[in-house]
Amino acid sequence: MTYRKRKKKTYQIKKYIPFYLMMMPALIYLFINNYMPMPGLVLAFKQYNVREGIFGSPWVGLRNFEFLFTTNDAWVITRNTILYNLAFMVFGTVCAIGAAIILNDIISKRAKKAYQTIILLPYMISIVAVAFLVNAFLATDEGFINNYIMEPLGFEPISFYMEKKYWPFLLVFLNLWKNVGYNCIFYLANLGGIDPGYYEAAALDGATRWQRFSRITLPFLNPTIITMTILAVGRIFYSDFGLFYQVPMQSGTLFPVTQTIDTYVFYGLMGGGSMGASAAAGFYQSLVGFVLVLATNIIVNKVSKENAMF
Amino acid sequence: MKRKICSLLLCVAMAVGLLAGCGDGNGDSAGDISGDNDNQESGNDSDSADDKTDSEEIITINMCTFGWGNVSDYKLVQDAINEISREEIGVEVNLTMLDVSQWVEQQSLLMSGSEPIDLLYSSGSIATGVSQGTWMELDDLYEEYGQGIAQELDQEFLEASRINGHIYGIPCQGEFANARTIAYRKDIVEELGLDVSNVKTLDDWVPIMEAVKEAYPDMDGFATNSGSSQAQWLGYNWDSLTDNFGVLMDYGAEATVVNVYETEEYENLVRTMRAWYEAGYVAKDTATETESINSLLGAGRVFSTIGTGKPGDEEESTNGAGVPIGHIDLTEALSVTTNITGEMWGITSWSEEPEAAMKFLNLMYSNEEVATLLNYGIEGVHYSVQEDGSFNYLEGQDITSCTYHPQILMFWPNSFIGGFWDGDDPNCPEETKVFNEEARKSIALGFSYDNANVINEVAACQNVVQQYQIALDAGAVDVDTVLPEFRQALKDAGIDKIIAEKQSQLDDWMAQKGE
């Protein structure tokens, strides 16, 4: 290495020192929170015993994983988790982009801020409060829908918490209602960064609104969409525990459509379950998530290299 | 996911808080020790030395439990107790009292060995912690330092709490049996002039509910599930053998483990509930009710529910609900293992001062002053003594403003000694002892089963129960279609394997007992 090159390198490191410093708190946090507990993963393969501690406890191979797969529920909970997450991903992205575009086109700054706040509001509400809001609408005896809509119109009241067919729609709707406002912020920020010159030029050349959207807006949003999707894919085996546990009010009758991996693990291990089994469930979820993220990234790499994350 | 992160953060914050709390306590008491050693020495000069010598240092132990009510002044109580325990046994305690809601979340963390705790309350069957290695074997310690406990506690029940022949915890003094009852609004029954003295079964209850329904159309006659996701008909007149997956029917008369959900008794129960649901006695939303039964009763939304019968049950329920509550026994009182192992005090296996912890546990069990402090706090600060000897709030204080009032005392090692509260029956301890003796004993009393070999099946069955039982118990679903589904789902989840495992463990236990 020549003197000049070395000098250049030190210069570069020096140049970036402030940035490294700025990154430090986040890196330290990441290390403490995400990397330090990692050796604890061995718990998934052990029968935990307090006396011997995490590392001294006896190995049990894959026995802790059995409870997830031996039952007939394994298929139902896996299907629910994946299908709901896919629905959330697809509808969530479409609605968030739609909302972002509509918000972006509003000229009055004040109105824009007002609308944005209103659709962001549900994201801020605790899921427990949401569960009671939903209950206020759906309850059989005292619910709004049964008392003020079904009864005056002469329909039989519906026991929402006892009927499975409504819940797939309800849960997807609630997830959208809650998260669209937050997700659209990402897209809104991107839209603001697009040079209006492109649109003006396209309009001059006679491009329709749809053409302007599909040829200009979408390509600009692509990197964000891909990043957000890859992140979501990594979490496809995790479910929004609050949404699936609190909102259906733990009604057992709804389990075939509301039970996900997280709630199943919770119910199964609540009564004196083993630490090993819960660790195993978490290990399984993160493993599948990791593989899926890698797979998605490989696909993105093949389709459009410049948009891949790594 | 947000919830998870949030709860994780809370856990961490809690743990840090706990550690910090322990640290502070240690610091304080370390300061105390040096100061008090002088006193002690001078005391020892004049007094004859008791069982401790001059050179002996005062040992501090860590103890953790919770309170149902407001216990924010527990550090004051701790200091008052230390005054006594330092003199008596040369031990000081560093007490941590959590809120009941925190306790539910914290218990498994406390039991996992990460906290410096010596003496810990155990709720739920102690067998879980034993198989995980949380609890220390206490046989020798009890032999040496447990004389006060031995005097207070009926030995039959201590024997029944043994697991694999060892003592792992000391049962809290209290009722070691209970009956299933109907708990109802006594004031309403009196107001309407109804006669409930002839009610012996669930069917007898129907005319009463009908009369209440006419007078109070907005009040639901009966609630089966509320504020908890636990199914309510757990252990009716059978020994549920911890978890109801395989039980001993007919008050545990014979040592044959059967599947309760296949029995006629269970089917009759859910059919009755279905009939009540269809007749409009049970609230339509009862299966998803999240309000606690006490607030439902207190607010007049529900007239009656399933209760637990024992001496003092009416006073306890009335205190809880804030309205007069009566109990009618549906079954005889039955004593099963979890009645004893469900509320215990144990010493952790990682405790560095097990002897001091045992001495202190013995003190809590047998010293009236210490028990009074634990139960009601400090006289003149948290309560005053009335003319009849009962305790009450200070002038101008009540349940919310009193800064130390754990409300329900069954979690203390011995709440039978050390005063009684205004309105409580002072004879309750005596009555409870008689009640314990007279209760029917399951043949498996003293048998604790270890589910380690069938943990996968238990987890699967728990999910099935969650799916079907609450709705069935509440009468919210059709019995003819759902009950067979429920039974099949349990079979698929492996209930037969659990039953076989239980039966073989029970047979072994019976054989050992016979020897």
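The values are calculated or read from the model by the stated rules, or taken from the named source; none is laboratory data. Everything numeric here is computed off the predicted structure, so don't read it as measured data. Here the Cβ is made from the backbone with ideal geometry for all residues, glycine too, and neighbour counts use every protein chain on show. In case anyone asks, the SASA skips ligands and DNA or RNA and just uses the protein heavy atoms, side chains included. Shrake-Rupley method; radii C 1.70, N 1.55, O 1.52, S 1.80 Å.
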field: Spacing of the two label points (7 Å from each Cα toward its C-beta) at residue A:21 and residue A:36, in nm
entry: 2.4
Total accessible area lost when A and B pair, probe 1.4 Å, Å² to nearest 100: 3400
- request: Output the pairs from B:200/B:433; A:46/B:491; A:15/A:113; A:165/B:284 with a Cα-Cα distance over 30 Å in this structure; if there are none, say none.
  value: A:15/A:113
task: Using only C-alpha atoms and all pairs of different ones, pull out the Kirkwood radius for chain B in Å with one decimal.
output: 24.8
Per-residue HN-Hα couplings for segment B:75-89 [Karplus 6.51, -1.76, 1.60; θ = phi - 60°; Hz; x = Gly/Pro]: 5, 4, 4, 4, 5, 5, 5, 4, 3, 6, 5, 4, 5, 6, 10
field: Dipole magnitude of segment A:84-307, debye to nearest 20 (Cβ charges: Lys/Arg +1, Asp/Glu -1, about Cα centre)
entry: 640
message: What do you get for chymotrypsin sites (Phe, Trp or Tyr not before Pro) in segment A:119-162 restricted to DSSP loop and a cutoff of at most 14 other Cβ within 10 Å of the site's Cβ?
response: A:155
- request: Estimate the FRET efficiency between residue B:84 and residue B:265 by the formula 1/(1 + (r/R0)^6), using the beta-carbon distance for r and 41 Å for R0, to the nearest 0.05.
  value: 0.20
query: In deg cm²/dmol, rounded to 500, what helix-only [θ] at 222 nm does chain B give when every DSSP H run of at least 4 residues adds -39500 (n - 2.57) and the total is split over its residues?
result: -14500 deg cm²/dmol
- request: Report the label-to-label distance for residue A:208 and residue B:403 in nanometres (one decimal), using points 7 Å from each Cα along the Cα→Cβ vector.
  value: 7.5
- request: Name the residue farthest towards the positive end of the dipole of the protein assembly as shown from the options B:406, B:418, B:192, assuming +1 on Cβ of Lys and Arg, -1 on Cβ of Asp and Glu, about the Cα centre.
  value: B:406
- request: Answer with one residue from B:461, B:114, B:436: the one whose Cα lies farthest towards the positive end of the charge dipole of chain B, charges on Cβ with Lys, Arg +1 and Asp, Glu -1.
  value: B:461
message: Can you give the Rg/Rh ratio of segment A:84-307, where Rg is from the C-alpha atoms and Rh is the Kirkwood radius?
response: 1.05
task: Work out the P(r) tail for the protein assembly as shown: percent of alpha carbon pairs separated by more than 43 Å, whole number.
output: 41
query: Among residues other than residue B:377 whose Cβ falls under 12 Å from its Cβ, what is the net charge (Lys/Arg +1, Asp/Glu -1)?
result: -2
Carbon plus sulfur fraction of accessible area for the protein assembly as shown, probe 1.4 Å, in percent: 57
statement: Between the alpha carbon centres of segment B:383-422 and segment A:271-310 the gap in Å comes to 55
- line: With the dipole of the protein assembly as shown defined by +1 on each Lys or Arg Cβ and -1 on each Asp or Glu Cβ, the option from B:327, B:158, B:241 whose Cα lies farthest towards the positive pole is B:241
message: Give me the net charge for the shell around residue B:111: Cβ to Cβ below 14 angstrom, other residues only, Lys and Arg +1, Asp and Glu -1.
response: -2
- request: Work out the FRET efficiency for residue B:72 and residue B:214 from their Cβ-Cβ distance, taking R0 = 60 Å, and round it to the nearest 0.05.
  value: 0.85
- request: Report the residue, chosen from A:113, A:14, A:46, that carries the largest GNM mean-square fluctuation when chain A is represented by alpha-carbon nodes joined by springs under 10 Å.
  value: A:14
query: Which ³J(HN,Hα) values, rounded to whole Hz and listed in residue order, are derived for segment B:385-392 from phi using the Karplus coefficients 6.51, -1.76 and 1.60 in 6.51 cos²θ - 1.76 cosθ + 1.60 with θ = phi - 60°, glycine and proline given as x?
result: 8, 8, 4, 7, x, 7, 9, 8
- request: Report, ordered by chain and residue number, the aspartates and glutamates lying within cross-link reach of residue A:109, taken as a straight Cα distance under 19 Å and ignoring same-chain residues fewer than 8 apart.
  value: A:195
query: Excluding ligands, DNA and RNA, what is the solvent-accessible area per residue of segment B:194-346 at a probe of 1.4 Å, expressed in Å²?
result: 37
- prompt: What is the ratio of the Cα radius of gyration of segment A:59-147 to 2.2 N^0.38 Å, where N is its residue count, to two decimals?
  reply: 1.71
field: Nearest-20 debye value, the protein assembly as shown charge dipole, Cβ charges on Lys, Arg, Asp, Glu
entry: 8940
field: Total charge dipole magnitude, chain B, about the Cα centre, Cβ charges on Lys, Arg, Asp, Glu only, Debye to nearest 20
entry: 2480
